[in-house]
Amino acid sequence: MKINQLQAFVAVAEQLSIRGAARVLGISQPAVTKIVRELERALGAPLVERSVKGVQLTAYGQAFAPRARLLLADMQRARDEIAQIRDGATGRIAVAVSTSAALTVLPAAFKEFHARMPAVDVHFSEAVLPWMLMRMRDGSLDFAVAHVARQTLDPEFEGIELFPVQLAVGLRVGHPLRHCRSLSDLHDAEWILPGEGDLARESVLPIFSPIGLAPPARIIFGNSVTVALALVGEMDLVGMFVEPLVEVAFKRYGVRRVELRETLPTLSMCVIKRRDQKLTPAAQQFVECVQRAGAPRAAGAFLR
């Protein structure tokens, strides 16, 4: 497999069009078709189906697409690493952070990193964990910083713990259930939780199962903590957040913490990366800055 073959196939997979892929790559349509056919011969399997309706990936193509993206990302990462060793503090890294990480450890970490390596191009994304894991799988991200139950991470990922974070339930100031003090009293309300579908519903099982309850029946799922805060502040919804947001965001959105009798699970703020991935020197330097930024909170949690 050659790099131009991977690039052509990924472009076709993303555009679902030979014309679109040719435009992205800056080459002719016949050239794209020729390169993809060469890759198909090398792999011994058809990757795309061409018809009057356009281009679709075959089952082989759907299986190979994430691998191809990961190969290209790792190749770029290898080039970046060589350039950083050869030329010093240059290159590019891509980092995703949760909202709570963005409001706590990120500012101090990036301030230190930028002072040490000002020529490195850093691309930030603010996201929830499922999106982060998907982007690390295809090589789009170097690493992520987010709160997670470390034991629930897939074996392909590792979480480097920074400090513990407590879950917190929030309601708008005038919510009819604002005087409730138990999850069982809030269970039948409408909740808003991070994530999507069954996976997100399963992720909240450890919160409700200790008191003999299934996850709430009425759940709005979403991938934006900002949206969740805004909706909880304006509607009769119940939200699940992490403690750093209680400190820095609840008051701004008109949300108050519910002091529950139950003890909610403790998560870990972690640096998350693919277990088999060697970080570039710049990415490793940024991780170390994040660890130093998180050290005061880790010490504070130890003293409590």
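The values are calculated or read from the model by the stated rules, or taken from the named source; none is laboratory data. Being a predicted model, the structure only gives us computed values, none of them experimental. As a convention, Cβ positions derive from the backbone with ideal geometry for all residues, glycine included, and neighbour counts pool all protein chains shown.
When segment 136-173 is examined, which residues are found to be among the charged types (D, E, K, R), modelled with pLDDT of 90 or more and under 15 Å from Met269 (Cβ atoms)?
Glu158, Glu161
Take the residues in segment 242-282 that are among the acidic types (Asp, Glu) and closer than 28 Å to Pro155 by Cα, then tell me which one is surrounded by the most Cβ atoms within 10 Å (Cβ to Cβ).
Filtering segment 242-282 for residues that are among the acidic types (Asp, Glu) and closer than 28 Å to Pro155 by Cα, the one surrounded by the most Cβ atoms within 10 Å (Cβ to Cβ) comes out as Glu243.
What about His179, is it surrounded by 12 or more Cβ atoms within 10 Å (Cβ to Cβ) and part of a loop (DSSP other than H, G, I, E, B)?
No, not satisfied.
Checking the conditions here, which among Thr33, Thr104 is polar (S, T, N, Q), buried (at least 20 other Cβ atoms within 10 Å of the Cβ) and over 21 Å from Phe157 (Cα atoms)?
None of the other options fit; the residue is Thr104.
Residue check, Arg256 against (1) over 22 Å from Ala149 (Cα atoms); (2) touching a Leu at 6+ places or on another chain (Cβ under 8 Å); (3) part of a loop (DSSP other than H, G, I, E, B), all met but one. Which one?
(3)
Keeping to segment 142-157, report how many residues are farther than 23 Å from Glu243 by Cα and either surrounded by fewer than 24 Cβ atoms within 10 Å (Cβ to Cβ) or of a type in the set (Phe, Trp, Tyr) (or both).
4
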